[in-house]
Each structure stands twice: as structure tokens, then as C-alpha cells.
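Data first, discussion second: the structure below is written as C-alpha cells.
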Amino acid sequence: MLFLRTGIDAEYPHISDISEMADMISVNPHPPGHSMNTMSPLVRSFVGHFGEMGSRWGINRTVGQIYALIFVSPEPLNAEQIAERLEFSRSNVSMGLKELQSWRLVRMKFVPGDRREYFDAPSDAWEIFRTLAEERRRREIEPTLSMLRNALLEAPSTEEDRIAQERMKGMHDLIELMTTWFDDVQRMDAQTLAQLMKMGSKVQRLLEFTGTVKVVKGGKT
């Protein structure tokens, strides 16, 4: 699954985990061992793994665990329940939920007769994939394309600039091709998309038959 470093991390680069920052401004009201043990071994393992993998995906441990807990929960959870089960401070959970909402990975729900805010997450893996892809495109790809387009409009004043622009154009063309492909894919329903992805090796064999496939040196055939 693909994520991005949080804005909180960028603002506080010396703090590697959002929980460290939260602990500086609030005290965790839940003593160790209070609620993590109430999770089943299966759920505890899943939540723990997401926390450990968070840094590899570009998020911190706390946000990963909050998302994992909400994702596997059979019913929406409020901030107090999340804080209790994960043994996190409320401020820590609040910041994590805001980050997940900004990525559209969790949704706010309201329960009749309860003034608290509840949260759930889409359970469809394809919907999650589409959401992550859209957010990463908006946050990373589109700003990069905009910068490259502006750079290519400049008239090179030196040989060094000319070479730089040639390389920028190659990067621009590849990213634009990928975004065009992404737009086409986004219009497909989940079943069609799954069938397309399963065709992988069949597409290569078709291109080999027509003589248009080129295998990259060192690549798998």
C-alpha cells in the first residue's frame, strides 16, 4: 500500500513518531496493558504489523495502527475507543484521525443519540487502492508535472540547460503517459481492473507474437 510522509513529520523533522510529539503535550490516560490485550491475537498482529510497516510506507507508527484498527473493526469506532484499545493519548488519536481524513482513508459517522464522532474505513481493497492513487497523484505527481512543464517552456541559455531540459522532457513524457494510463484505469470497475491486472504475462506473449515487445536487460521474461 502506498503512503506519504505526514505534514506533521515535515514540520517536526526531529520527531520520528507522532506519538512522541503527542506525549510532549498530553499524558496517556491508559496504563500499559490496559486494552491491547483485549484484541484477538489476529487483530493485534495486524495492527502491530501496520505500525511497524508505517515508516516504510512514509507514515508513522501511530497513524498506521489507528488505520489498521478502524479497517478491521466490524463497527465504527470513536476516538475514545481507539485511544483505549491502542493505549494512545486522545490528542495522539485526534491528530492521527485528521491525517487519515485528509487522505480520505477514514470516514466520519454519527450514531443516533450519541454526540461523539465515529469513524470507519472502506472495506473494499480496490476502493482503497483508487483513493491512495488519487491522493498521491494530487500531492506528488501533479505538482511535479506542473514544474516540469514550466521548466520545458524556458529557452535554454547554455548547453548545460539544453541537456537538463532533454532529461526533464524524458521524465515529463513518462509521467504524463502514466497519468493518462491512470485516468483510463480509474474509469474501469473493480472486476474489469482485476481482469486487466491478471492479464500481465498474456499481454507480453501477445506483444511477442506481433514482434513489438522489447525485454529490458536484466528484466524477467
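Taking 0.36 nm per intervening residue step and subtracting the Cα-Cα distance, what contour gain separates HIS49 from ARG136 on full extension? Mind showing how you got there, number by number?
Numbers: separation 87, 0.36 × 87 = 31.32 nm, distance 2.25 nm.
That works out to 29.1 nm of additional length.
Reported to two decimal places, what Rg/Rh ratio describes segment 125-191 when computed on Cα atoms with Rh from the Kirkwood expression? Don't skip to the answer; put the middle values down first.
Working: Rg = 15.4 Å, Rh = 13.5 Å.
Rg/Rh for segment 125-191 comes to 1.14.
Apply 1/(1 + (r/R0)^6) to the Cβ-Cβ distance of PHE110 and GLN191, taking R0 = 45 Å, and write down the FRET efficiency to the nearest 0.05. Before the final figure, lay out each step's value.
On the way: r = 32 Å, r/R0 = 0.72.
That pair, PHE110 with GLN191, gives E of 0.90.
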Test item: Cα-centred dipole of segment 76-146, Lys/Arg +1 and Asp/Glu -1 on Cβ, debye: 180
Diffing segment 185-194: the Karplus 3J(HN,Hα) column from phi (6.51, -1.76, 1.60, θ = phi - 60°), in whole Hz with x for Gly and Pro, holds 5, 4, 7, 7, 7, 4, 5, 5, 5, 5
In sequence order, calculated HN-Hα J values of segment 169-176 (Karplus, 6.51, -1.76, 1.60; Hz; x Gly/Pro): 5, x, 5, 4, 5, 5, 5, 5
Based only on other Cβ atoms within 10 Å, what is the fewest-to-most ordering of GLU127, GLU99? GLU127, GLU99
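Can you tell me the order of 173-182, 129-138, 47-56, 77-86 when each peptide is scored by its average per-residue count of other Cβ atoms within 10 angstrom, highest first? Each step should come with its number before you reach the end.
Values: 173-182: 12.2, 129-138: 15.4, 47-56: 16.9, 77-86: 20.1.
Descending mean neighbour count gives 77-86, 47-56, 129-138, 173-182.
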For TYR118, TYR67, order by how many other beta-carbon atoms lie within 10 Å, fewest first: TYR118, TYR67
Rough spin-label spacing in nm, given labels placed 7 Å along Cα→Cβ, for GLU154 and MET199: 4.1
With θ taken as phi - 60° and the coefficients 6.51, -1.76 and 1.60, list the Karplus ³J(HN,Hα) couplings across segment 118-124 in order, rounded to whole Hz; mark glycine and proline as x. 10, 9, 9, 10, x, 9, 7
Fewest first, what order do SER89, SER123 take by the number of other Cβ atoms within 10 Å? SER123, SER89
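Taken together, the values in this text are just the output of simple stated rules run on the coordinates, not laboratory data. Quick caveat, the model's predicted, so the values are computed rather than measured. Don't worry about glycine lacking a Cβ; one is built from the backbone with ideal geometry, like all the others, and counts go over all protein chains shown.
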